[in-house]
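In what follows, a single structure is set out as structure tokens and then discussed.
The values are calculated or read from the model by the stated rules, or taken from the named source; none is laboratory data. Please read all numbers here as calculations on a predicted model, not as lab measurements. Quick reminder, even Gly has a Cβ in these numbers, built from the backbone with ideal geometry, and neighbours come from all protein chains shown. When the accessible area is computed, the model is the full protein with side chains, heavy atoms only, and any ligands, DNA or RNA have been set aside. Shrake-Rupley method; radii C 1.70, N 1.55, O 1.52, S 1.80 Å.
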Amino acid sequence: MSTPASTIFWEKPLVTDVSTNSRQHVADTVSNAMATPEKEQPYGALGLKPDEYAKIREILGRRPTSGELAMYSVMWSEHCSYKSSKNYLRQFGKKVSENMTKNLMVGMGENAGVIDVGEGWAVTFKIESHNHPSYIEPFQGAATGVGGIVRDIISMGARPVAVMDALRFGAIDNPDTARVAKGVVSGISFYGNCLGLPNIGGETYFDSVYQANPLVNALAVGVLRHEDLHLANARGVGNKVVLFGARTGGDGIGGASILASDSFSEGGPTKRPAVQVGDPFAEKVLIECCLELFQGDLVEGIQDLGAAGISCATSELASNGDGGMFIELEKVLLRDPTLTAEEILMSESQERMMAIVKPEKLEGFLKVVEKWDVETSVLGEVTDTGRLIINWHDEEIVNVEPRTVAIDGPVYDRPVAYPKWIDKLQADSASGLARPKDGTELRDQMLQLLASPNLADKSWITDQYDRYVLGNTALSFPDDAGMVRIDEESGLGFSVATDANGRFCQLDPYAGAQLALAEAFRNVAATGANPVAVSDCLNFGSPENPEVMWQFSKAVEGLADACLEMEIPVTGGNVSFYNQTGDVPIHPTPVVAVLGLIRDVAERIPSGWQDEGNNIYLLGTTALELDGSAWAGTIHDHLGGLPPKVDLAAERRLADLIKAGNEQNIIASAHDLADGGLAQTLAESVMRFGVGARVWLGELLERDDIDAATALFSESTGRMVVSIPREDDVKFRGLCEGRGYPAVRIGVTDAASPALEIQDQFTLTLEELLTAHRGTLAEAFGA
Amino acid sequence: MRVGVITFPGSLDDRDAQRAVKLGGGEPVALWHGDHDLKNVDAIVLPGGFSYGDYLRAGAIAAHSPIMSEVITAANAGMPVLGICNGFQILVESHLLPGGLVRNDHGDFVCRDQKLRVENVDTAWSNGFKEDEEIIIPLKNGEGGYIADQETLDRLEGEGQVVFRYLEVNPNGSANDIAGISNARGNVVGLMPHPEHATEPGFGPDTRAAMRSGTDGLTFFTSAISSLMANA
């Protein structure tokens, strides 16, 4: 399939001039469909397979109208129906313990999961992909990615309070990377800043596997009082179905089916007409308007319009409610009057919401939307017919059972095959690569790593985001996780981090997904927060490739098993397939977001050193685990072997240790170890506030029987660097011994001399660290 | 003292300004762009954001909203008025302050902890600072480049109407490193950086003493509130 749907599909039988008003466009009616059963329909161009089309005919007992075909095609697309992933995603619902669900107010399946965080507050959060649009049109693709996830959060009845992004771009020196990265970052900046949402963190990686398939995963967090919780369902016969927000235009038509469910073929026509265009001002007004509607108790159910637009909102609301709905489609307010009924059904115009409103509350509803100058039209009402009926100028163009569109779509058990290449890849360990022998080589390689695109300072990106707005940001980049205050009186807050190491996942997707969870969990724990929930965005290649399906199945299994062991539920997320160009899929990239809670954000733990003479401890043990590491990639351009050993029980014990230490107020700083190992963590701890340290490795090398290069660059898990005031040293040692967690004192902070001295090896001044760390992105993308 | 904070469609830092008023010892009063009612406030803050999506020009549409005719009358009668970021743009578009604000010279939105020098401590919003005091408050804008014709710049400099000047880094290409200015009378002040985001320990810029402990912005609000109280 190669041509955008809007240009090939919608015949306009009685229209001679395309510029005439849509009133003259006659849509394919149900009676027409019954009268012309043999009419050929372009289901293939809409992304439907012959057996799927046959199934639609079977469900309806006739051929679908072109409007029905539009709805089924978008709702049965991979992006909306999860047809290839559904069978696997069920594990997240099955592998749960009572402990995991006790605070869950809304689990998977709704717009976003909701967690009871105490004091009458709840938090909702979700991460979602906007990958394909962001390659075609980076600025708008990324901007509308932010807009979409924020509307999911509003739909739950919550006020959005923070956003963050997990980004993957191609190699930094490829000429196309600057186009994509600059566009994506300015799109996020434009939309998020204009919405007034602080951007509190995220991650950015560069790797040639993402060259023509950047990943733009946007996360949003919202907070709400328990009583404000809203769900997407259409209940109460006679209740009005109201569409409000921006007008409907021709943007994003077929986005769901054409873009998100098809790989890019090199040299094929561009698909720009199917990318949506965003207006953050309209969304900001919509947020305030929705919150006032919720406050006035004027809305029964609500759903945002994202992928598949009105097709999705009407069929999902009806399926989740009383089952019937009647809509008069010509009442939709249009930006472009030439749109056909089918195009209106498929349009993915941004900044729109659909609400279910009791007739007696309609006046109050309209008063609020008018105050905010938000355009509104009443499209129809909830019925008890069990059918979703859509009319176009008094003629029936859709008459379906809504569940068949929204819920009971096709489910595939795609073929799975163990990758032919993986044994060879796993046998190619990095342990045999030449490691630096002396201080000079160690120093040189540490600087190379600090300056490497994936470990370099990201402030070229993050300085374009507002991190202050709303006045509740307690932590943001470059700290381990973002943290936001929920309640101004009590100080109750949440912390959130996202992680995924695609290199580890390529080596072993089961372990790789678990490592992503472990790292996000550790990042949240390092801030002093208690991890409570997970949202995931699973980015993979084509599900029609059995080896990709194997990677996907292993990653989901690994993540579900790990969540069960760590007793932390997946509350929602998103799957993005077809991330490949030609036959080459991206590395499996299951981005895991972990949400944690802290009873008072004043108790948060800084990531860097601030004080003189604090003892520096390395928690956990270090083994020769350089496979898949940043060191192997940067120094030797090597990827092979097996990722670091996963020890989820140790991660939990480490988190508990930090929590206990923080409760006694004896931890001055904590910073997790991940990409780049101890070297990177030490450097970041110095650079955060400009306080230096003297570090000795002797005891560590002896205890763990490793060489200095391994100590500095290995990426063994379950590790953090903490700094402890001298007066609390005995207490802290006691805490570690009592809990049996390995701790070794490796140094002392030195405020007087802003440098990192690794004794008997080398010294790097703050200036040298900063110069190496800060130049890379600015040089690649311009100041 | 009652300090009004106006909410326009697209205002973003309005609740933050209200919080800052409270931390400064005043009573925040929410004002609505579509009203003509100033609700008996003693001072007014125009907060940051993207009023009307910055359509046309930043601040241009908001300058013509109903409440602004009341603000202009009150300002001309001597009421303290502070415009922050988009509020500064609105004050300029309303001709309460001279000059204009254009796209940052480097083209990108920028968010940073910005060092400023306070050069005039006789205005309603800066009288609590010491002469030439150096402060750090957050800056976040896309269209923060201050411009004016040479005659206006000369007058601003000559009359001491440059209240805040960027130090170390000029983040947006502003003429003469100007961060904020006042009217001749000193009751109307506008600046691009955000004092309301440096008023509460734990949520402001980093300082040498501790992470996010910077509260240099609080003096803006205590300046206005305490002098109003002294004159009450």
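The listed residues are A:Gly296, A:Gly278, and the only one of them that is modelled with pLDDT under 90 and either buried (at least 24 other Cβ atoms within 10 Å of the Cβ) or more than 28 Å from A:Ala45 (Cα to Cα) (or both) turns out to be A:Gly278. Do we find that A:Phe494 is more than 14 Å from every other protein chain (Cβ to nearest Cβ), farther than 23 Å from A:Met687 by Cβ and touching a helix residue (DSSP H, G or I) at 6+ places or on another chain (Cβ under 6 Å) in this structure? Considered against the rule, which asks whether it is more than 14 Å from every other protein chain (Cβ to nearest Cβ), farther than 23 Å from A:Met687 by Cβ and touching a helix residue (DSSP H, G or I) at 6+ places or on another chain (Cβ under 6 Å), A:Phe494 comes out as no.
Please go through the range B:23-54 and give me each residue that is β-branched (Val, Ile, Thr) and open to solvent by 40 Å² or more (accessible area, probe 1.4 Å), ordered by number. Hits for the range B:23-54: nothing passes. Taken residue by residue, the range B:93-105 has at least one member that is within 11 Å of chain A (Cβ to nearest Cβ), open to solvent by less than 40 Å² (accessible area, probe 1.4 Å) and either at positive phi or of a type outside the set (A, V, I, L, M) (or both).
At least 3 residues being buried (at least 20 other Cβ atoms within 10 Å of the Cβ) is the threshold, and among the strands (runs of 3 or more DSSP E) wholly inside the range A:650-761 those reaching it are A:669-672, A:692-695, A:720-724, A:743-750.
Rundown of residues vs (1) surrounded by 24 or more Cβ atoms within 10 Å (Cβ to Cβ); (2) among the acidic types (Asp, Glu), yes/no style:
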residue: A:Leu515; (1), (2): yes, no
residue: A:Ala525; (1), (2): yes, no
residue: A:Asn530; (1), (2): no, no
residue: A:Glu557; (1), (2): no, yes
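Residues that are without any contact (Cβ under 8 Å) to a residue 40 or more places away in the chain and outside any helix (DSSP H, G or I) were ranked within the range B:58-88; the one that is nearest to B:Phe220 (Cα to Cα) is B:Ala77. The residue that is farthest from A:Ser476 (Cα to Cα), counting only those in the range B:197-232 that are free of Cβ contacts under 8 Å to residues at least 12 places away in the same chain and of a type in the set (A, V, I, L, M, F, W, C), is B:Ala230.
Within the range A:23-70, the residues that satisfy the criterion of being of a type in the set (D, E, K, R) and assigned to a helix (DSSP H, G or I) are A:Arg23, A:Asp51, A:Glu52, A:Lys55, A:Arg57, A:Glu58, A:Glu68.
Of the listed requirements (1) closer than 24 Å to A:Leu770 by Cα; (2) touching a Pro at 6+ places or on another chain (Cβ under 9 Å); (3) not basic (Lys, Arg), A:Asn454 misses just one: (2). Here is the figure for the range B:1-25: residues that are away from chain A (no Cβ under 14 Å) and within 17 Å of the chain's Cα centre (by Cα) total 3. For the range A:451-472, the criterion of being at positive phi and within 13 Å of another protein chain (Cβ to nearest Cβ) is met by at least one residue. Considering the range A:422-495, the qualifying helices (runs of 4 or more DSSP H), each wholly inside and each with 3 or more residues that are open to solvent by less than 30 Å² (accessible area, probe 1.4 Å) and not polar (S, T, N, Q), run over A:439-451. Would you check if A:Ile389 is farther than 30 Å from A:Ala711 by Cα, open to solvent by less than 40 Å² (accessible area, probe 1.4 Å) and out of contact with any helix residue (DSSP H, G or I) (no Cβ under 6 Å at 6 or more places or on another chain)? Answer is yes for this residue. When the range A:317-349 is limited to residues that are among the acidic types (Asp, Glu) and crowded, with 24+ Cβ neighbours inside 10 Å, the one that is farthest from A:Pro42 (Cα to Cα) turns out to be A:Glu348.
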